[in-house]
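Some notes on the structure that comes next.
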Amino acid sequence: MTKIKRLVILFVLVVMTLTTAAACRPRDDEDISVNAGGKGSALRNDDTADTDADSGQTDTAGDKPAADAGDTDNADADTGAADSAKKPDGHKTDTDAKDAGNTNGEKPDTVIKNSDDTDGGNTGGDDPGGDGREYSTSCMSFNVLAYDTHDVGYDEPRVRINYIEKTIKKYDPDLIGTQELMGPVAKNDNFDSVGELIKRLSSAYDYCCALDDKGFPLPALNISNGFVIFYKKGRFEVKDRGCKAFNSVKNKCYHWVKFYDKQEKVTFLMTNTHFSSNYSVDPDSAPMIRDRQAAELLAFWKKKCGEKVPLFATGDYNHQKKEQAYATLSSANFVSSRDVAENNSGNSGVDYIYINGNVQGCHKYYKVEDTFEPAGVPDTGLAKYKASDHNAIIAYCYYDL
């Protein structure tokens, strides 16, 4: 009996062992995956969705919340990226410019403040006025205050040239008329702002400089006559050019270039000038002198343009709308682009861009109000963070031939 009992006990132990093993084997549909923290059980699908909803993110790792999508322009303005993200290949971002440096090794990091990229900028004939129409040509007028005024609150010219460059490259106009550029003289801290700006814009622009043209009045480095007309490479062809001193004030002049626009198949005239200010002549006689200058310039427009040739007439005219000089220049078929613009961003004081109202219109007139902040310096709102004591202005025009 003892042998039989042992066999029965052995049989019972074998059966119990097999039963226990079967109970411990995992089922085919049971998930025993372990997460990175070493704890069992993977997240359920609905847990994943809840996590994404709480974070405000989409399912794609690293995507920004949808609510941030509309903040792109503001972020660009705050970081100094300006409009570079919207430019085609070949336009450097601020980071690229910082890494590349400049030929003088003096360019500080700067941040554009108070800019609104959606309102300005030449994006290749798009709709700056928001009216569904396209423009043909953008033209900028810019008195750059290139002589040294750091003692009255503005950065010196070799610093502000960076702000001037950034402004032009950001808005990327087709044509530019500058005033108050200077060569290397004591009043300019011996800084050649003419040559430096020409060099910095040379990848995109050709130029005509009044200093090079016959008829430029003496003294040759008078600050008011630092005229350079820049124009986009490949698009415009210079047919004729010159410089004419005003009869009323011999050290004042107007610079002119006759262009052929290969893109629009149009010949047009561009003039650039700087009328006498109340500081340069007797204040009581200044309005009368400006009106005489206006009459001479108007006669030139009539001779070169008549009723059918387009005009872009940039300048610091030093007159207000209430003066006779304004009425004189706005006579015949010539008009201020600001007055006829379908969209107008603001009054620009004494700077104007006149056009031929018979054959041109203006979608938008834009006053540039960007300010700049040197890296590491708090923005105090002082004038020294401006590119100039004048705002650049831009007219986005079309031909109606």
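Bear in mind these aren't lab numbers, they're just calculated from the coordinates by the rules spelled out. Note that the structure is a prediction, hence the values are computed from the model and not measured. So basically every Cβ, Gly included, is an ideal-geometry build from the backbone, and we count neighbours across all protein chains shown.
Length available on full extension from ASP389 to ASN247: 0.36 nm per residue minus the Cα-Cα distance, which gives 48.3 nm.
Net length available on complete extension from ASP339 to GLN320 is 5.5 nm, with 0.36 nm assigned per residue and the Cα-Cα distance removed. Stokes-Einstein, applied to the Kirkwood radius of region 219-347 over Cα pairs at a viscosity of 0.692 mPa s and 37 °C, places its translational diffusion at 209 µm² s⁻¹. Put a dot 7 Å past the Cα of ASN278, heading toward its Cβ, do the same for LYS239, and the two dots end up 4.1 nm apart.
Compared with the direct C-alpha span, the chain from LYS308 to SER285 gains 4.8 nm at full extension, assuming 0.36 nm per residue. The modelled label-to-label distance for the pair SER331/GLU134, using points 7 Å beyond Cα in the direction of Cβ, is 3.9 nm. Neighbours of SER388 by Cβ distance under 9 Å: Lys/Arg scored +1, Asp/Glu scored -1, total 0. Seen from ASN344, the other residues with C-beta closer than 9 Å to its C-beta sum to a net charge of +1, counting Lys and Arg as +1 and Asp and Glu as -1.
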